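A short write-up of the structure that comes next.
The values are calculated or read from the model by the stated rules, or taken from the named source; none is laboratory data. The model shown is predicted, which means the values in this text are computed figures rather than measured ones. Methodologically, a virtual Cβ is constructed for each residue, glycine included, from the backbone with ideal geometry; neighbour enumeration extends over all protein chains shown.
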Amino acid sequence: MLIKNLTKCAAAALTIALAMGTTSCHTPKDVTYFQDVQDGDSRDITSIADVVVRPDDRVSIVVVSKDASLANLFNLPVVSQRVGQPGVTIQEGPSSSNEVASYVVDPYGDIQFPILGTTHIGGMRRSEVAEYIQKELINRNLVKDPVVIVDFLNHGVSVLGEVSRPGRITFDRDRFTLLDAIAGAGDLTIQGKRTDVLVLRYENGKQTAHRVDLTDSQSLLNSPVYYLQQDDVVVVSPNDVRKRQTTANGSTPLTPGFWISIASLLTTVAVLIWK
């Protein structure tokens, strides 16, 4: 009777293992992006947001005019200190290297602009900063034909978790999407959970969490974090398969390997007792 029961248990465990193994061969439905998209679909993006100036941003502002000597009065000189040499070197004209003089926005959203003095640019888009300074220069009769070029120098987001290359992704565009950040990180790994991507955003003195389903394009396009802001943090969670791989031996009652091991053990015991 004992042998018969053990044999039945082994057979049952083996059947379960085979069934789970067969199920695991099916293509997971949550791996493909944008499963709701059909050929020819057109969808609206509900939350279009440009990057705006925030405290601690580094901003390059260059004024160009037909009168170069006049324009240079409003451009920060590139200041550098060479290793092993005392003092500093001030370069008044354009730099021949990649050095760029920049303003650091203070906690109030202000910068100290040459001659104009304290200038508030916090909350402005790049084009708005250029337009504002251009108007100030003209209205104060400082420069008649100024062209103002504004660039963001330290903007970036962090991408963590189940991606090929986690780290900080830098950008210098007015609009940078969640898809841009994921592509910059080398895409999600096959173990990344596409249905639950977390974006952490610091706004109004608080950190706000947003979750996005990458398999649902409508959910993504309607999300307030489809367009990212500087210093957003994107976190890709591991799926259940990946989580189970973090156990001591990688086997749990939910894996086919566990049941195959049980079936093998019971079969071995039954054979030994039969002998």
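Restricting attention to segment 201-225, the residues being surrounded by 17 or more Cβ atoms within 10 Å (Cβ to Cβ) and either among the aliphatic types (A, V, I, L, M) or under 19 Å from PRO166 (Cα atoms) (or both) number 5.
As a summary of the residue check, GLY123 satisfies the conditions (1) more than 23 Å from ILE48 (Cα to Cα); (2) at pLDDT below 95; (3) outside the structural domain of ASP231 (by TED's automatic domain parsing) except for the one numbered (1). Cβ-Cβ distances below 8 Å connect the following pairs, each with a first residue in segment 129-150 that is under 23 Å from SER102 (Cβ atoms), a second residue that is of a type in the set (Lys, Arg), and a separation of six or more residues or different chains: VAL150/ARG126.
Restricting segment 159-185 to residues that are assigned to a loop (DSSP other than H, G, I, E, B) and in contact with a strand residue (DSSP E or B) (Cβ under 6 Å, 6 or more places away or on another chain), which is surrounded by the most Cβ atoms within 10 Å (Cβ to Cβ)? Looking at residues that are assigned to a loop (DSSP other than H, G, I, E, B) and in contact with a strand residue (DSSP E or B) (Cβ under 6 Å, 6 or more places away or on another chain), I get ALA185.
What are the residue pairs meeting all of these: first residue in segment 158-176, first residue assigned by TED's automatic domain parsing to the domain that holds GLN191 and free of Cβ contacts under 8 Å to residues at least 60 places away in the same chain, second residue surrounded by 13 or more Cβ atoms within 10 Å (Cβ to Cβ) and among the polar types (S, T, N, Q), Cβ atoms under 7 Å, and 6 or more apart or on different chains? Pairs found: SER164/THR189; ARG168/SER158. Here ILE190 meets the list (1) closer than 30 Å to VAL63 by Cβ; (2) part of a loop (DSSP other than H, G, I, E, B) almost entirely, failing just condition (1).
Scan segment 57-78 for residues that are assigned to a strand (DSSP E or B) and modelled with pLDDT of 90 or more and report the count. Spell out the reasoning first.
Residues of segment 57-78 that are assigned to a strand (DSSP E or B), as a first pass: 58-64, 78.
With modelled with pLDDT of 90 or more added as a condition, the list becomes 58-64.
The qualifying residues number 7.
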